[in-house]
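Student: Sharing a structure with you now.
The values are calculated or read from the model by the stated rules, or taken from the named source; none is laboratory data. On a predicted model such as this, the values are computed, not experimentally measured, just so you know. Heads up, the Cβs are rebuilt from the backbone with ideal geometry, glycines too, and the neighbour counts pull from every protein chain shown.
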């Protein structure tokens, strides 16, 4: 597209994947126009869960599942973590999207599904590649909160 560089196209694809994902659609239907009152895990909690997952995955301490997408051999390669933190229940795994595979980010992008008291949703945690948060783990869509979190450290 004219005026769109490779990064802009990739960022747009990531955003659209998140908006079009099945769980994101269900979440929007449930929350309706009450998004302002929707409870979500805090940034510190999400980053702690992300860190726990990546450490345990690297140490090969997590059960692995065989995803159906992008896995023609049916190999169990995708580590999965079920944990509780700050009253939230989490299911965590690396992103297994086409874009994650194309950009070689399957072991950087971490998808965190959460639920607590009829509230559920998902976030994706990535390593920021530009700007003031470059090199830091951030929660996509909650960059301002991440900036405040890191400024407070």
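Student: For the stretch 98-116, which positions are without any contact (Cβ under 8 Å) to a residue 60 or more places away in the chain and within 27 Å of residue 87 (Cβ to Cβ)?
Tutor: Narrowing the stretch 98-116 to residues without any contact (Cβ under 8 Å) to a residue 60 or more places away in the chain: 98, 100-102, 104-109, 111, 115.
Those that are without any contact (Cβ under 8 Å) to a residue 60 or more places away in the chain and within 27 Å of residue 87 (Cβ to Cβ): 109, 111, 115.
Student: Based on this model, can you work out whether residue 38 counts as under 22 Å from residue 145 (Cα atoms), modelled with pLDDT of 65 or more, in contact with a strand residue (DSSP E or B) (Cβ under 8 Å, 6 or more places away or on another chain) and surrounded by fewer than 14 Cβ atoms within 10 Å (Cβ to Cβ)?
Tutor: Here the answer is yes, as residue 38 does meet what is asked.
Student: Could I ask something else about it? Under the condition of being farther than 19 Å from residue 41 by Cα and in contact with a strand residue (DSSP E or B) (Cβ under 9 Å, 6 or more places away or on another chain), which residue from the stretch 98-111 is surrounded by the fewest Cβ atoms within 10 Å (Cβ to Cβ)?
Tutor: 107
Student: Of 82, 102, which residue is modelled with pLDDT of 95 or more and more than 12 Å from the chain's Cα centre (by Cα)?
Tutor: After ruling out the rest, the residue left standing is 82.
Student: Separate question: Would you mind finding the one in 131, 74 that is modelled with pLDDT under 90 and more than 22 Å from residue 45 (Cα to Cα)?
Tutor: 74
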